[in-house]
Every structure is written in structure tokens, then in C-alpha cells.
Amino acid sequence: MSKLYLVPTPIGNLEDMTFRAIRVLKEVDFILAEDTRTSGKLLKHFEIGTQMHSHHMHNEHKSIEGILNRIRNGETCALISDAGTPAISDPGFLLTRACVEHNIKVDCLPGATAFVPALVNSGLPNDKFVFEGFLPVKKGRQTRLLLLAEETRTMLFYESPHKLVKTLGHFVEYFGANRQVSVSRELTKLFEETIRGTATEVLTHYTNKPPKGEIVIVVEGRR
């Protein structure tokens, strides 16, 4: 039956690819990939020869109608991002919503996503949490931080390495120097690390040791 599959891919360690994900990617009629060069290496590793097309933030608005037509005509499609679960700070939401609106079945496979292991190994409360993704770069950033300063649940953020120190500085300014913070870097990869402490302590660490790689920040909620 024609449908859309949302297929998580490893965030670093290829051993995190599931058997089901490999099977689905081999069986669908075509695959949508955020970056075909990056995904091409993954598909080659698992000997997946399915036709692949580019689907990213710059073309997703224009390509959705054509994708819907192919699925409505009986084809099955799998969407993957460069790493992790599609639509989590990556393309996928717009296509998923369009499929739901047109009564096209959507199956999301369970699998890798960066913020879950970062949250669990942070040592911070995880019974209630809020995922914020990337903070606004400029416009709306201060407003968002002022709002989050009152948030009592544990907060999760994605950040790029060259902006981490700036963001940690904002956490000290808006959340307080003693707010507990955990930064997980390069999850599942060879140089994976997690640095925990107060906002000031973690800021000092990364000011002295500039970070590399993908980053998840976990921040304690207001007590």
C-alpha cells in the first residue's frame, strides 16, 4: 500500500541503524534525502540501491505536490535526514502534514535521535521536559530566553559548536550562573563527551576548550 515512511538514521555510529530501517529503505520505491551525498554513503554501506531524490529546506515547498502525486499513484516513499529522526529540527514536517491532510498513511519508525540520550545521561530531571531545538539567531532570541527563564521543566537545545559559548553566556545571563547544565557532544561517535556543571562552570570549560561536532544542551528548569 502506498505510504510515507519516516526513517531515522544513525547520528554517528552506523551500528545504530535498525534492521527494519534497512529493510524499508530497500523496499520503498524512492527515498527522499536531506543531502544525497551524505545519505549516499549510508545507503552504499548497507547496500541499498533504491532511487534517491533531494528533499531539503530550500526545495521542500516546491517538491511536495510531486511527491504526493507519486504516492497517490501507488508508490511508497521513505524520508531520511542527514542524521537522526526526520522532522526533528530537520525537513519532514511539511511533507508529513501534507500526507496527513490528503489521507496518505504515514509510518514513523523508531530510532536514533540526539536529544534523548543527551537528556537521559544529563542527570537532570527527565519526567517532564521541553524540546526547544535551535534558539532564534537574532530576532526573537531575547524574548525567547526571557520566557524560558521561567520554565520549570528541563529544557533541551541544539547548538552549533561556534555558537555554543555565546549561548552558554546567555544562559548565565538569563537563567542564572548556578543553573545546572549538561552539554553532550559528538553523541555515539569516537570522541563523545558530556560536560556537566553550573552554567558558569560549563561556560568556562568551553571558553578554554573550543568545542567541535554536534551539540545538545540540557538545562535545568527553574526551581
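Determine the alpha carbon to alpha carbon distance for each of Lys26/Lys105; Lys166/Lys209; Lys44/Lys209 and list only those over 24 Å. The answer is Lys44/Lys209.
May I ask for the net charge around Thr9, where only other residues with Cβ less than 10 Å from the Cβ of Thr9 are counted and Lys, Arg are +1 while Asp, Glu are -1?
So the environment of Thr9 carries a net charge of -3.
Where both bridge residues fall in the chain, DSSP classifies roughly 50% of the beta bridges as antiparallel. The residues Ser184, Ser160, sorted by heavy-atom accessible surface at 1.4 Å with ligands and nucleic acids left out, run Ser160, Ser184 from largest to smallest. The modelled label-to-label distance between Gln142 and Thr207, using points 7 Å beyond Cα along the C-beta direction, is 2.2 nm.
Rank-order 165-172, 56-63 by packing density, defined as the average count of other C-beta atoms within 10 Å over each peptide's residues, highest first. Don't skip to the end; give the middle numbers.
Details: 165-172: 18.4, 56-63: 12.5.
Ranking the peptides 165-172, 56-63 by packing returns 165-172, 56-63.
Our analysis of the range 50-115 gives Rg over Rh at 0.94, with the two radii drawn from alpha carbon positions and Rh computed by the Kirkwood formula.
Note on exposure: Glu75, Glu47 ranked by accessible area (1.4 Å probe, complete protein assembly) read Glu47, Glu75, with the most exposed listed first. Within the shell of other residues whose beta carbon sits under 15 angstrom from the beta carbon of Lys212, the net charge comes to -1, with Lys and Arg scored +1 and Asp and Glu -1.
Building the convex hull from the alpha-carbon atoms of the chain and averaging its projection over directions returns 13.1 nm².
FRET efficiency for the pair Arg222 and Thr38, taken as 1/(1 + (r/R0)^6) with r the Cβ-Cβ distance and R0 = 35 Å, rounds to 0.35.
Under the combined filter of DSSP loop state and at most 11 neighbouring Cβ atoms within 10 Å, the range 87-166 retains these GluC sites (Glu not before Pro): Glu150.
The values are calculated or read from the model by the stated rules, or taken from the named source; none is laboratory data. Predicted, not measured: the structure shown is a model, and the values here were computed from it. Don't worry about glycine lacking a Cβ; one is built from the backbone with ideal geometry, like all the others, and counts go over all protein chains shown. Keep in mind that these areas ignore ligands, DNA and RNA; they rest on the heavy atoms of the full protein, side chains included. Shrake-Rupley method; radii C 1.70, N 1.55, O 1.52, S 1.80 Å.
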